[in-house]
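Trainee: The structure that follows is given in the form of structure tokens.
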Amino acid sequence: MSYQIQIPGRIHSGNGSVSRLADIFSRDGVKKALLFTDKGVLSTGIAKSVFDVAASSGVELEVFDGVIAEPSTHDVDRVMQAARSAKADMLIALGGGSVMDTAKLASVLIGATYTVYDLVKDPSLARKTMRAVMIPTTCGTGSEATCNAIVAIPEESTKKGIVNPALIPDEVILDVGMIARLPKAIVAATAVDALAHVVECYTSKKATPLSDTYAIAGARLIFRNIEKAYANGDDLEAKEALLLGAFYGGVAITGSGTTAVHALSYPLGGKYHIAHGVSNAILFAPVMAVNKDSCRERLAELCDAVYPELAISSAETRATHVINRIADIVKNTEIPTSLAKYGITDKDLDFLVEAGSQQQRLLVNNRKELSLDDIRGIYRKVI
Ligand SMILES: NC(=O)c1ccc[n+]([C@@H]2O[C@H](COP(=O)([O-])OP(=O)(O)OC[C@H]3O[C@@H](n4cnc5c(N)ncnc54)[C@H](O)[C@@H]3O)[C@@H](O)[C@H]2O)c1
Ligand SMILES: [Zn+2]
């Protein structure tokens, strides 16, 4: 079997690494850059460091702050209408997955003849038209590492991934300063999303030695630091571990792909607008419990990597420990554990089962083949 993994061209890391933008500008001879961000990020003031580096490097910045959280195809198209005619040498994304996905799409849409609607139908159309630098401000989606951009499709009440190697960013800056003041609830939801990436990638049917390496490294960092970062926002060491773990999760996705947690989560984002990290968190332990029969050894290996002190226990005990830890993390970080809070009831079950079971791009990666009854059982458990 041959296999591969993709990683962005250059990764800069460490507190204050946003200053490396100056090197990037000078190496690439950048005169003007487009900065994609959103109003929530701008209101925190963290963009100042980017503005300062651009000013001291003599680089003109044009700011697009109209990115919508969990963007739909229409939201992306609206931003593209504004950005289409912008002339620049480089694109910078400063934000969470929503901003980075929109900017990644811009990196293949600005100057192109196809639209985002065409890409949803045929992702193979994408060709890179502009170099892109990602600066994540949540901890996080790992979008800074992946060749995916996720968009909501309102007409189908779900979300879809546009996947093409051209979407891999060129440079990534993992600066913990960007998440130092991130609100607790966003730390929790985005870090659990990253944890889902590494656990799903490790237990994916498509896992390879390359994706395993990144998934294990990410799992160690996230399992051990998520509650610390949640409990103490000033614990920058824990937050830096999450930022790195989220990036590793993104790399693992390019090698193996997520599975049923993400698949069943998409209708919850697409129709009920539940934040991506929250809908994953609600489904995470229940899906893994159903998957356990088919993933016991893989979950036990993850346990060995993160909790070596349990290595003498049976595979069943170690696999169960990982699932229990996931459930505890969701509780300890005060993320909802049920869909009831979002007004979802039994009457939504038929829609959820139908829409969830259609997410075959990811369901085919799941080691356990989920029947419609399995899927109904999972949704029913969290209603
Ligand atoms: N492309 C991929 O590989 C991939 C992977 C996972 C998720 N996603 C997508 O990413 C999106 C979710 O991204 P997300 O979870 O990072 O959240 P997000 O980008 O939607 O941001 C959530 C909120 O946090 C705010 N925010 C961001 N950074 C902040 C900061 N430092 N301080 C204060 N507020 C801040 C934003 O303004 C926004 O209101 C979804 O659309 C999801 O489908 C993409
Ligand atoms: Zn995710």
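Trainee: Can you tell me which residues in segment 340-350 are part of a helix (DSSP H, G or I) and surrounded by 16 or more Cβ atoms within 10 Å (Cβ to Cβ)?
Mentor: Across segment 340-350, the qualifying residues are Tyr342, Asp348.
Trainee: Mind checking which residues of segment 247-267 are within 11 Å of ligand 1 (Cβ to nearest atom), in contact (Cβ under 8 Å) with a residue 60 or more places away in the chain and closer than 18 Å to Ala152 by Cα?
Mentor: Thr258, His262, Tyr266
Trainee: Criterion first (within 18 Å of the chain's Cα centre (by Cα), of a type outside the set (Phe, Trp, Tyr) and under 29 Å from Gly97 (Cα atoms)) does Arg361 satisfy it?
Mentor: Taking the combined requirement at face value, the residue satisfies it.
Trainee: Pick from segment 290-337 the residues that are under 19 Å from Arg220 (Cα atoms) and of a type in the set (Asp, Glu): which of them is surrounded by the fewest Cβ atoms within 10 Å (Cβ to Cβ)?
Mentor: That would be Glu309.
Trainee: Then there is this: If you check Glu200, Glu240, which single one turns out to be of a type in the set (Asp, Glu), more than 16 Å from ligand 2 (Cβ to nearest atom) and at negative phi? Give the steps one after another, and end with the answer.
Mentor: Values: Glu200 fails: more than 16 Å from ligand 2 (Cβ to nearest atom).
On inspection, the qualifying residue turns out to be Glu240.
Trainee: Could you pull out the residue among Ala112, Ala126, Ala106 that is under 15 Å from Leu61 (Cβ atoms), more than 16 Å from ligand 2 (Cβ to nearest atom) and either surrounded by fewer than 24 Cβ atoms within 10 Å (Cβ to Cβ) or in the same structural domain as Asp65 (by TED's automatic domain parsing) (or both)?
Mentor: Within the list Ala112, Ala126, Ala106, the selection yields Ala106.
Trainee: State whether one or more residues within segment 6-24 are at pLDDT 95 or above, out of contact with any strand residue (DSSP E or B) (no Cβ under 6 Å at 6 or more places or on another chain) and β-branched (Val, Ile, Thr).
Mentor: For segment 6-24, residues at pLDDT 95 or above, out of contact with any strand residue (DSSP E or B) (no Cβ under 6 Å at 6 or more places or on another chain) and β-branched (Val, Ile, Thr): present.
Trainee: Looking at segment 162-183 only, could you name the residues that are assigned to a strand (DSSP E or B) and surrounded by fewer than 23 Cβ atoms within 10 Å (Cβ to Cβ)?
Mentor: Val163
Trainee: Also: Before we move on, is Asp101 under 28 Å from Tyr266 (Cα atoms) and in contact with a helix residue (DSSP H, G or I) (Cβ under 6 Å, 6 or more places away or on another chain)?
Mentor: No.
Trainee: Here is a follow-up. Please count how many residues of segment 79-97 are modelled with pLDDT under 95, more than 15 Å from ligand 1 (Cβ to nearest atom) and either in a helix (DSSP H, G or I) or surrounded by 24 or more Cβ atoms within 10 Å (Cβ to Cβ) (or both).
Mentor: The total comes to 4.
The values are calculated or read from the model by the stated rules, or taken from the named source; none is laboratory data. Since this is a predicted model, take the numbers as computed values, not measurements. Note: ideal-geometry Cβ built from the backbone for every residue, glycine included; neighbour counts use all protein chains shown.
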